[in-house]
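Contents: one structure, followed by commentary.
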Amino acid sequence: MPKNQPDWPEPIVRVQSLSENCIDSIPEKYIKPCTDRPSMSSEDANFNCNMNIPIIDLGGLWGADQHVTDSILRQISEACREWGFFQITSHGVRPDLMDKARETWRQFFHLPMDIKQQYANSPKTYEGYGSRLGVEKGAILDWSDYYFLHYLPFSLKDYNKWPALPPSSREVIDEYGGELVKLCGKLMKVLSINLGLDERRLQKGFGGEDIGACLRVNFYPRCPRPELTLGLSSHSDPGGLTMLLPDDQVPGLQVRKCDNWITVKPQPHAFIVNIGDQIQVLSNAMYKSVEHRVIVNSDKERVSLAFFYNPKSDIPIEPLKELITQDKPALYPPMTFDEYRLFIRMRGPRGKSQVESLKSPR
Ligand SMILES: O=C(O)CCC(=O)C(=O)O
């Protein structure tokens, strides 16, 4: 992988290096406008304390007891409609694999900088070690570094673009991805059934077996002025479904609920699932992707693994015919995922502006 980053508009600065050198201030480039800064008011904190996204135990989902299955399907259906976000437990991925995956990545971010720099990314594919999303010169940046890689399709899977260190990281990352692809396949069936469709319908809408899957590992270093910045700006996920493995020690993910930001309280060994823009489009907005963002803190770094399950990238994605009615005509024109994700790759995270801008004029 080339060591220079020819296409970034400005020299890349690693937030981790900034964090190690900033004692009590942060560079202006990371200071958000007042309206985007996290609220530190005690009123908001109180409201926040009592709220969490739904937690759903998947144990028994595919078992013999139809009442249990129906109850889990109902909980997921409600969570998709009301929240667009939920946590799942008893999901079948081994807890030790989840811990190992997160620790492997934590160790990667603690390797010496010259090793990490060998994987420095460019905005052409974003694969590798990165420190900004979007290529707009002068943009206000987020307080995080990340690593991005592909699992699927096989044509994009390239072990040489995955970190070789720490030892056995490629095996761990590979096994983790395989498990998550299986889990996402199961959830796609659940969502299809809940939308009143054949259980394979959403997967078919994604392009069958030929889908995309990728991982972004986020590293949020400690920040001396967390009230002025964000680890990741508000956005909805452009893809299909996201499975987030959050830090087990440090909260930070906030989900927008009406006009409030709810800080997610992660359950041990749960995945946080959220609906992406492509499912909003396929479901003709029966399910909606939801804005979320990440706050940082001055005491502890944070690591999260966001696994994105996406449609095949070169087929048109549009509302499924079965979900179009006279009362509810197709809300979105067809667009490939390749075309769609260009927006976020060029402009960086911008709330829900992209999916909203797609809506067909009526
Ligand atoms: O770090 C988190 O908790 C959320 C990460 C996220 O939203 C993303 O990677 O898209």
Proximal lysines to LYS359, defined as alpha-carbon separation beneath 22 angstrom and excluding residues fewer than eight positions away on the same chain: LYS257, LYS288, LYS312, LYS321, LYS328
Of the listed peptides 207-218, 158-169, 284-295, what is their order by residue-averaged count of other C-beta atoms within 10 Å, with the highest listed first? 284-295, 207-218, 158-169
GLU28 to GLN107: extension gain in nm, 0.36 nm per residue of separation minus the Cα-Cα distance? 25.5 nm
Sorted by chain and then number, the residues having a modelled amide H within less than 5 Å of the amide H of ILE55, at least 5 places away or on another chain, are GLN87
Cα-based equivalent ellipsoid, the range 110-180: semi-axes from gyration tensor eigenvalues, Å: 23, 16, 11
Calculated SAXS-style log₁₀ I(q)/I(0) at q = 0.13, 0.25 Å⁻¹ - the range 278-362, Debye, Cα scatterers: -0.52, -1.41
Classify the range 167-286: rounded, prolate or oblate, from the alpha-carbon gyration tensor (a ≥ b ≥ c, eigenvalue square roots; a/c under 1.5 rounded; otherwise prolate if a/b is larger than b/c)? oblate
Calculate the spin-label point distance for LYS328 paired with ARG170, positioning each point 7 Å from the Cα along the beta-carbon direction, and give it in nanometres. 4.6 nm
For HIS235, HIS67, what ranking results if the residue with the fewest other Cβ atoms within 10 Å of its Cβ goes first? HIS67, HIS235
When only C-alpha pairs under 8 Å and at least 6 residues apart count, what is the relative contact order of the range 15-356, in percent? 22 percent
Alpha carbon centre of the range 169-246 versus the range 273-346: separation in Å? 10 Å
Taking square-rooted eigenvalues a ≥ b ≥ c of the alpha carbon gyration tensor, is the range 32-139 rounded, prolate or oblate, where a/c under 1.5 means rounded and, failing that, a/b exceeding b/c means prolate? oblate
Gain on full stretching of the segment that runs from ASP248 to ALA139 - 0.36 nm per residue minus C-alpha separation: 36.1 nm
Quick check: pseudo-label points 7 Å beyond the Cα along Cα→Cβ at ASP7 and ARG225, how many nm apart are they? 3.2 nm
Percentage, to the nearest whole number, of Cα pairs in the range 15-356 over 25 Å apart: 52 percent
Search the structure for amide H atoms under 5 Å from the amide H of ALA213, placed 1.01 Å from N in the peptide plane, and list their residues when 5 or more places away or on another chain. TYR151, LEU152, ASN310
Which whole-number percent gives the relative contact order of the range 235-362, counting Cα pairs below 8 Å spaced six or more residues apart? 30 percent
Sequence order, the range 338-353: Karplus ³J(HN,Hα) from phi using 6.51 cos²θ - 1.76 cosθ + 1.60, θ = phi - 60°, Hz rounded, Gly and Pro as x, gives 4, 5, 5, 7, 4, 4, 5, 5, 8, 9, x, x, 9, x, 10, 4
Theoretical gain in end-to-end length, SER39 to GLU20 [0.36 nm per residue, Cα-Cα removed]: 4.3 nm
Which whole-Hz ³J(HN,Hα) couplings does the range 309-324 yield from phi under the Karplus relation 6.51 cos²θ - 1.76 cosθ + 1.60, θ = phi - 60°, glycine and proline marked x? 9, 10, x, 3, 7, 10, 10, x, 9, 8, x, 5, 3, 4, 9, 9
Rounded to one decimal in nm, the spacing of the 7 Å Cα→Cβ label points at LEU358 and ARG74 is 3.2 nm
Local electrostatic count at LEU202 - Lys and Arg +1, Asp and Glu -1, tallied over other residues with Cβ under 12 Å: +2
Fluctuation leader among LEU342, LEU180, LEU133 - the chain, Gaussian network, Cα springs under 10 angstrom: LEU342
For a label point 7 angstrom out from the Cα of ASP65 toward its Cβ, which stretches of the range 78-99 have the backbone nitrogen within less than 19 Å? 89-92
With each run of n ≥ 4 DSSP H residues scored as -39500 (n - 2.57), what mean residue ellipticity at 222 nm is computed for the chain after dividing by its residue count and rounding to the nearest 500 deg cm²/dmol? -9000 deg cm²/dmol
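All of the numbers you see were taken from the coordinates with simple rules; none came from a lab. Source: prediction; values computed, not measured. Using ideal geometry, Cβ is built from the backbone for each residue, glycine included, and neighbour counts are taken over all protein chains shown.
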